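Just so it is clear, none of the values below were taken in a lab; they were calculated from the coordinates. Quick caveat, the model's predicted, so the values are computed rather than measured. Because the Cβ atoms are built from the backbone with ideal geometry, glycine has one as well, and the counts that use them run over all protein chains shown.
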Amino acid sequence: MKNKYLIVIANYYKDISSGMLKSAINCLPKSSYVKIINVPGVFEVPVTISKNIKKYDAFIALGCVIKGQTPHFEFISKATTDAIMKISVDTKKPVGNGIITCLNMKQAIARKKKGREAAQAVLSVLSQR
């Protein structure tokens, strides 16, 4: 039986997220069922995964947070990371965290392939069964 994957992608920085999405999809087995849900920002990723937790075997969270002039960066980054980890541990389903946190756009551009790492992490956990 093939696994069902849900990729939830925050499109606030569309140029960055599109590269992350491509690298994640290219890493998943070709025979897999993959659904993609777009959300406006990374804060919406965990709730979207939670709403779909029973429908899929594994999840990949993708998006980018870039530090601005206020503490908002730290709050959003920590809240999102904590929520993703809690979902994964509580449901015992892998959630690959491909949400990058960067200090500037140059760092984000250099990390556009991080979706692949999130997908590889999910595949590794699924293989433990």
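Fewest neighbouring Cβ atoms within 10 Å first, the residues Thr70, Thr101 line up as Thr70, Thr101. For region 72-117, what class follows from the C-alpha gyration tensor (a ≥ b ≥ c being the square roots of its eigenvalues): rounded when a/c is under 1.5, otherwise prolate if a/b is larger than b/c, else oblate? Oblate is the answer for region 72-117, as a/c is 1.5 or above yet b/c matches or exceeds a/b. Taking other C-beta atoms within 10 angstrom as a stand-in for reagent exposure, Tyr56, Tyr5, Tyr33 fall in the order Tyr33, Tyr56, Tyr5, fewest first. Ordering Ile25, Asn97, Gln107 by the projection of their Cα atoms onto the charge dipole of the chain, which places +1 on the Cβ of Lys and Arg and -1 on the Cβ of Asp and Glu, puts Ile25 at the extreme positive end. Here the Karplus curve 6.51 cos²θ - 1.76 cosθ + 1.60, taken at θ = phi - 60°, turns the phi angles of region 92-102 into couplings of 6, 10, x, 10, x, 8, x, 8, 8, 10, 10 Hz, with x standing for Gly and Pro. For the chain, the longest principal axis of the C-alpha atoms and the axis of helix 114-126 are separated by about 30°.
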